[in-house]
1. Report the residue count in the range 283-316 for those that are within 31 Å of the chain's Cα centre (by Cα), over 19 Å from ALA244 (Cβ atoms) and polar (S, T, N, Q).
2. Might you let me know whether the range 162-176 holds any residue that is in contact with a Pro (Cβ under 6 Å, 6 or more places away or on another chain) and of a type in the set (Val, Ile, Thr)?
3. Would you be able to say whether some residue in the range 75-96 is modelled with pLDDT of 95 or more, part of a loop (DSSP other than H, G, I, E, B) and under 23 Å from the mean Cα position of the chain (by Cα)?
4. So how many residues does the range 207-224 have that are over 19 Å from ILE394 (Cα atoms) and under 19 Å from the mean Cα position of the chain (by Cα)?
5. State all residues of the range 149-186 that are in contact (Cβ under 8 Å) with a residue 24 or more places away in the chain and more than 30 Å from GLN263 (Cα to Cα); if no residue qualifies, say none.
6. Just checking, does the range 357-367 include any residue being farther than 30 Å from PRO215 by Cβ and without any contact (Cβ under 8 Å) to a residue 24 or more places away in the chain?
7. In the range 320-346, which residues are under 21 Å from ASN170 (Cα atoms) and either in contact with a Phe, Trp or Tyr (Cβ under 9 Å, 6 or more places away or on another chain) or of a type in the set (D, E, K, R) (or both)?
8. Do we have ALA124 as of a type in the set (Gly, Ala, Ser) and in a helix (DSSP H, G or I) here?
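The values are calculated or read from the model by the stated rules, or taken from the named source; none is laboratory data. The structure presented is a predicted model; accordingly, all values stated were derived computationally and were not measured. Cβ placement follows ideal geometry from the backbone for every residue including glycine, while neighbour counts extend to all protein chains displayed.
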Amino acid sequence: MIHQAKQKGRIMKRRMIAVLLSGILLCSAAGCGKEAVTDKSTAASSSQEVTETPAAEESPEASSSSADSTAESASASTSSESSGDEGKEADKKRIEITVPHKDGMEALYDTVDGLNVEKGSYIAVVAKDLSAGFWKAVKAGAQQALDDLNASLGYTGNDKVYMTFEGPENESDTNSQINIIDSVISENPDALILGIIDQQSGQAQMEEASDSQIPVIIADSGIESDLITSTCATDHAAAAKLAADHLCEAIGNSGEVAIVAHQYNTESSVERVEAFKKEIEEKYTDVKVVQVNYGDGEESIADMLKNTLETYPALKGIFCTNEDMADQTLDALADMENTEQIQIVGFDSGEKQQKAIQEGREYGTVTQNPYGLGYAAIVAAVRAIQGLPVDQKIDTGYQWLDKDTIDLETNQKYLYN
């Protein structure tokens, strides 16, 4: 009953926000001034991917940031709970979930067996970038975990354990993400799952969550804090070392290479860049990393690569640290002349990367396991809510994909479709 009352309160709060957002949008359309436009932008970015009522299924596609989509999310959630043919269709779309289990781990994180939490429990998820294929896949995996949990407990309707899934529309918008985290903490969720953009931010939010006895699960990227319950992530360093090995293989173990990294100060980017450089320095004496470009600066990736190639015309390879950087690098090189000899090794496996690998424009990629990561994060959160032991580090795994392996059935679960 307590959880149901809390849930109704949260829903009413969301609906009030939706009404306010609608007013702001109407005001801005009528020309109410610059201040209203600024407020609309901030509010819209903090209302992404809100699920007001428990949903049996959610599309991994990010919703628009409009107030209309926020206001209508409750009805969309209700319709997704219908049975019959729609339920059968959902079964067809079920994702294969695998999470590596290492000796000494407290639990399995690819199953909800044995879990039992109160009806209406609420898990808040704040991602780094709702537009990225990686985070859409994380959401799909998380929703599948909730579907499995609710089915195993027999929860339906407003009794379901549910989540909200929010975040900025790009991974450089630290301020919007912090505002979103503040907002969801104020709603007092039963657990909080975070992918932190800037590892230098969020400390105050960790303390606030701890004071409110909200367990925090990190997904993908976090910060240094002893207030974190668990971290579900790829082993970024090991994956980047594998990328270095394959890029060196592609260029014949000699020559100049560059790195295109997504951010200067996010944990995943920092670890991938440093591990890649270290692997080159320690194992490949005839290969040199000549430049590291970062995608969160004012200069475009295309301009940075143009400058890199002017300075290093003999460049033979580029390592891209995530999906967005790989996509932008592919686009930039396609618009330049005499770049066919440059080998690209990426990270992640968005649709543009998949096509580029099949066509030979990208040598290969180290892909993460986002569906498994999303599933594992929910399992970890539920275990924390339940008071069960949770492993501090949950390595969700990674996989090398190239033109010979990308279409294998066993690797389809790694593709961000």
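1. Of the residues in that region, 2 qualify.
2. Taking the range 162-176 first, the residues in contact with a Pro (Cβ under 6 Å, 6 or more places away or on another chain) are 162, 176.
Filter once more, keeping what is of a type in the set (Val, Ile, Thr): none.
No, the conditions are met nowhere in the range 162-176.
3. No: zero hits.
4. 0
5. Those that are in contact (Cβ under 8 Å) with a residue 24 or more places away in the chain and more than 30 Å from GLN263 (Cα to Cα): LEU149, ASN150, SER152, LEU153, TYR155, THR156, GLY157, ASN158, ASP159, LYS160, VAL161, TYR162.
6. Looking for residues that are farther than 30 Å from PRO215 by Cβ and without any contact (Cβ under 8 Å) to a residue 24 or more places away in the chain, one finds at least one in the range 357-367, hence yes.
7. Taking the range 320-346 first, the residues under 21 Å from ASN170 (Cα atoms) are 320-332, 346.
Passing the criteria: CYS320, THR321, ASN322, GLU323, ASP324, MET325, ALA326, ASP327, ASP331, GLY346.
8. Working: of a type in the set (Gly, Ala, Ser): yes; in a helix (DSSP H, G or I): no.
For ALA124, the condition - of a type in the set (Gly, Ala, Ser) and in a helix (DSSP H, G or I) - is not met.
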